[in-house]
Amino acid sequence: MGGNMFYHENSSKSLAVRDVSTGFRSTSTVPVTLEARVSRKAVLSGAFGLVKRGAALGTRLSGWGTAAYFAYEAYQAVKSPIESAEYKYDEKSEEFLKYWDNKLCIWDRRGEYPNEIYKEYECTGVDSSIIRAYKLGGKSRSEAEFLMKSKMEAMANNYWPERRQYLVDTGNKEYLKYNVSKCLFDLNGGSCSVSNGSDSRSSIFFKLKEGTFPTVLDSQEFLKIATPSIDSNPTPFVEGTGKPEYNEKVSVPAGTVVTIGPVTPENGKPVQITITFGKDSNGNSTADVATTQRPDLTPGGSEAPNTKPDPDPAPNPDGKPDKKPDDNPDSDDKPDKRPDDKPDPDDDPSDKRKEDKKDNKKEESKGLLCDFFPDILACDKMGKPEEGMFDAISIPQTTDDRTWSSDDFLPPNGVCPQPKSFNIWGKPVQISYEPLCVFMEKVRFAVLLGFIIMSAFIVFGSLRK
């Protein structure tokens with residue numbers, strides 16, 4: 001990461017150089033440093049949504065694409081600090097939640113008696129350990145009070161401007177000069193005073209509530225928790241947010257010189273191209289291209305081969321490639337289809353350094369980056385979909401033939417057992433369960449109700465503890 005603005009990635013390579021005017025590539029390579037960077041601010045702004053998508057994936061590994069992979073990796077990168085802050089992802093709400101045993105809320109009443117309206121405003125979670133420390137007394141209480149007072153003061157300062165405006169609008173204009181001064185905490189909640197000089201008034205009231213209260217993790221709190229982890233491992237966040245404000249810069253050491261040729265281009269006149277790299281006032285790499293005519297060499301000969309440029313030029317109009325060197329390049333008065341391949345009107349064999357006639361062409365292309373280094377990622381060409389290329393992809397379909405039936409919970413009647421038979425002194429005796437079954441059928445509702453009541457006592461008793 002560079003400063004507070006960008007995430008950087010640097011790599012060094014040795015790359016061949018290509019002249020954009022002819023398409024010819026050098027046989028030697030030059031040392032190149034590639035610097036890719038993206039906006040840190042843009043990455044951080046999209047990180048929370050990316051992490052939530054990754055958390056929603058859970059462990060469902062099948063059918064993942066690249067975007068899902070980076071979302072999952074982003075979640076894994078910040079999972080530990082999020083859980084350390086006691087937030088857990090809730091699939092139902094699709095949010096990270098933290099549950100508190102207590103919450104402290106500002107409450108207020110508006111209107112005239114008896115039509116006053118009581119309303120809760122800003123709330124904050126209070127951990128049960130703070131309440132226990134307060135109840136212990138002594139130093140523990142002092143520490144708990146200090147922590148709660150700081151929370152209350154922050155909440156009061158956020159709330160007071162709105163409350164003050166309400167008081168002014170209802171005729172209490174003197175409150176314009178009052179500001180939050182002091183807060184007191186107790187197990188009922190407490191209050192904060194506002195003061196103007198020596199005049200102090202209790203005007204902001206708090207209520208402490210017991211129970212289980214969820215707090216939703218917002219983007220601001222997320223960045224406080226996760227930014228150190230993102231800065232230490234930005235890759236999944238950079239890739240997952242689509243490389244916002246992506247920029248790739250190429251640098252070549254100043255003074256580097258590379259020679260292309262001698263070669264014979266399509267116009268049939270041997271040339272030798274010399275490219276000298278430099279630096280401008282902003283530290284960006286520049287390239288000075290000098291083309292030297294070589295009439296002393298045989299066109300297409302071993303010293304100036306008639307080499308096809310890279311990438312290959314378009315085929316001849318008749319569709320047949322010309323396999324022979326053109327021995328009479330000037331016999332055809334038709335203009336060349338490649339304007340930049342026209343010979344220099346001045347065929348002086350001396351090394352004439354041309355001020356780059358291709359400036360406009362470079363501005364239309366991607367400048368130095370793609371003119372001389374076409375194989376890097378920033379200069380990659382996008383392919384086009386072909387007809388029928390996705391026909392082989394099929395989406396599996398299954399038919400669920402299961403039918404639904406009502407649950408046989410608590411049927412209206414049971415099955416009475418068979419009569420019990422045994423012998424006493426050699427005589428058969430039979431005892432029927434029928435009277436007992438009839439009795440139980442009549443008291444069935446009372447038995448179930450009794451069990452429900454007992455279960456309720458057990459559940460609510462445990463919750464109360």
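What follows draws every value from the coordinates through simple rules; no lab data is involved. Please read these numbers as outputs of a predicted model, since none were measured by experiment. Note that each Cβ is placed from the backbone with ideal geometry, even for glycine, and that neighbours are counted across all protein chains shown.
With r as the distance between the Cβ atoms of residue 284 and residue 85 and R0 = 45 Å, compute the FRET efficiency 1/(1 + (r/R0)^6) and round to 0.05. In this case the efficiency is close to 0.55. Charging the Cβ of each Asp and Glu at -1 and of each Lys and Arg at +1, and nothing else, the dipole of the stretch 98-216 about its Cα centre rounds to 220 debye. Taking amide H positions as modeled 1.01 Å from N, with prolines and chain starts lacking one, the residues under 5 Å from residue 90 and 5 or more places away or on another chain are 95, 96, 97.
The phi-based Karplus calculation (6.51 cos²θ - 1.76 cosθ + 1.60; θ = phi - 60°) puts the 3J(HN,Hα) values of the stretch 428-439 at x, 10, 10, 10, 9, 8, 4, x, 5, 5, 5, 5 Hz, whole numbers, x for Gly and Pro. Going from the residue with the fewest nearby Cβ atoms within 10 Å to the one with the most, 437, 123, 183 rank 437, 123, 183. From least to most packed, judged by other beta carbons within 10 angstrom and beginning with the fewest, 129, 39 follow the order 129, 39.
Per-residue extension of 0.36 nm, minus the Cα-Cα distance of residue 424 and residue 442, leaves a gain of 3.2 nm for this segment.
What is the packing order of peptides 418-424, 51-57, 205-211, taking the mean over residues of other C-beta atoms within 10 Å and listing the highest first?
Final packing ranking: 51-57, 205-211, 418-424.
Could you state the number of Å between the C-alpha centres of the stretch 259-303 and the stretch 446-465? Using only Cα atoms, the two centres lie 94 Å from each other. Each of 148, 454 has some number of other Cβ atoms within 10 Å of its Cβ, and from fewest to most they run 454, 148.
Could you tell me which of the pairs 103/139; 119/182; 135/177 are separated by over 27 angstrom between their Cα atoms in the structure shown?
Distance filter (> 27 Å) returns 135/177.
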